[in-house]
Amino acid sequence: MPLNLQNFRDYYEILGVSKDASNEEIRKAYRKLALQYHPDRNQGNEQAAEKFKDINEAKEILLDEASRTKYDEYSRYWKQKGFTGKAPKGPTWGNTAKNGRNGNASVDPAQYSSFDQFINEVIGVGTEKGRNNPNNPPNPANSDPFRNTRTKVSYSPNSRPQRRDIEARLTIPLEKAYLGGLERIRLEDGRSLEVNMPPGMVTGQTIRLRDQGINGGDLYLKITVEIHPQFKLEGLNIACQIPVTPSEAVLGGQIEAPTLDGPVKMTIPPGVRSGQRFRLANKGYPDEAGKRGDQLVEIQIVTPKNISQQERELYEKLRQLETFKPRANFI
């Protein structure tokens with residue numbers, strides 16, 4: 001991104017960081033402000049829209065090493081004596097101009113009404129406005145504003161934006177992680193992407209999205225699968241608990257069990273015990289090759305707390321008739 005010198009902005013102040021801030025500190029400050037001033041959160045607010053543009057401009061300059069170095073070098077001249085837009089006044093300044101058309105002549109900052117004009121005349125780097133000024137005709141010997149033929153010092157600004165990989169975290173429900181498919185995600189820089197997610201995602205998995213980072217870098221999505229109220233992953237197997245009534249446990253028969261593919265019928269034997277596990281083959285989680293684990297169904301015998309009068313009478317009659325004595329061997 002080109003460095004805008006015509007209207008000087010203090011990019012460090014815009015992001016609220018110090019001049020020696022690290023790249024990570026700059027990114028953290030940018031993310032916080034981008035979320036605060038994003039147009040989607042401030043619809044119709046022109047001031048927020050302008051602020052969003054400013055923080056993006058500041059981030060692009062300060063995270064590019066070449067642009068930041070150039071910015072720091074030029075901005076040290078800002079607000080020197082004379083940059084007030086008033087008429088020239090005062091004695092000359094004792095500094096020697098370097099890299100400018102004025103050679104070794106002393107420079108008076110009061111002669112320049114703006115930082116832009118100072119950059120153009122003294123340092124030799126001007127904006128389009130400065131280069132097209134009729135009072136400053138082009139000098140064929142110095143037509144390249146980044147090259148000083150007298151000192152033989154040349155500047156090679158980084159014209160290509162810096163390619164950077166970024167990381168984002170995505171939390172998804174188990175059913176979505178199992179099926180995969182299209183998922184819309186919103187990044188901290190304000191972009192919204194529709195991504196075709198693979199099936200069988202697990203917590204801790206990283207998905208690489210090519211060219212979706214900054215300036216052609218890659219985006220790495222770190223996956224977290226939400227805890228499910230019924231299912232628990234055990235490798236490629238899925239464990240769940242199924243409640244049954246006392247009569248179902250005694251008599252056995254068909255019951256309905258939930259799976260990630262929908263409910264299925266399964267048969268439990270008579271006299272099933274609480275905690276006993278049964279296996280539903282190929283109803284578990286898929287691996288990268290598409291091979292699936294099993295679903296492990298654990299039986300939980302549940303007794304009712306509230307029963308009708310007729311049920312109570314039947315239970316009383318059953319207690320009188322039943323021959324099963326579970327405590328017969330107790331001392």
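Would you mind telling me which numbered condition in (1) surrounded by fewer than 13 Cβ atoms within 10 Å (Cβ to Cβ); (2) without any contact (Cβ under 8 Å) to a residue 24 or more places away in the chain E288 fails?
(2)
Looking at the structure I just gave you, is A257 under 30 Å from T203 (Cβ atoms), surrounded by 15 or more Cβ atoms within 10 Å (Cβ to Cβ) and either among the polar types (S, T, N, Q) or outside the structural domain of Y178 (by TED's automatic domain parsing) (or both)?
yes
Scan region 178-208 for residues that are farther than 18 Å from K222 by Cβ, among the small types (G, A, S) and surrounded by 10 or more Cβ atoms within 10 Å (Cβ to Cβ) and jot them down.
G181, G190
For the condition free of Cβ contacts under 8 Å to residues at least 40 places away in the same chain, of a type outside the set (D, E) and surrounded by 13 or more Cβ atoms within 10 Å (Cβ to Cβ), what is the one hit in K222, K232?
Answer to the check: K232.
Every residue in region 302-315 that is over 18 Å from G271 (Cα atoms) and loosely packed, with under 10 Cβ neighbours inside 10 Å, please.
Matches in region 302-315: K305, N306, S308, Q309, Q310.
Before we move on, is D294 charged (D, E, K, R), surrounded by 12 or more Cβ atoms within 10 Å (Cβ to Cβ) and in contact with a strand residue (DSSP E or B) (Cβ under 9 Å, 6 or more places away or on another chain)?
Spelling it out, D294 is indeed charged (D, E, K, R), surrounded by 12 or more Cβ atoms within 10 Å (Cβ to Cβ) and in contact with a strand residue (DSSP E or B) (Cβ under 9 Å, 6 or more places away or on another chain).
Can you tell me which residue in region 168-211 is nearest to the chain's Cα centre (by Cα), limited to those that are in a loop (DSSP other than H, G, I, E, B), closer than 27 Å to A29 by Cα and in contact (Cβ under 8 Å) with a residue 40 or more places away in the chain?
E188
Do the conditions hold for E311, that is, is it acidic (D, E) and part of a helix (DSSP H, G or I)?
So E311 fits the description; yes.
Being part of a helix (DSSP H, G or I) and either modelled with pLDDT under 85 or small (G, A, S) (or both) is true for just one of Y30, Y71, Y77. Which residue is that?
Y71 is the lone residue from the list that is part of a helix (DSSP H, G or I) and either modelled with pLDDT under 85 or small (G, A, S) (or both).
Write out, first by first residue and then by second, each pair whose Cβ atoms fall under 6 Å of each other, whose residues are 6+ apart or on separate chains, and whose first residue, in region 40-56, is of a type in the set (S, T, Y) while the second is surrounded by 15 or more Cβ atoms within 10 Å (Cβ to Cβ) and at pLDDT below 90.
If the second residue must be surrounded by 15 or more Cβ atoms within 10 Å (Cβ to Cβ) and at pLDDT below 90, no pairs are left.
The values are calculated or read from the model by the stated rules, or taken from the named source; none is laboratory data. This one's a predicted model, so the numbers in the text were calculated from it and none came from an experiment. Quick reminder, even Gly has a Cβ in these numbers, built from the backbone with ideal geometry, and neighbours come from all protein chains shown.
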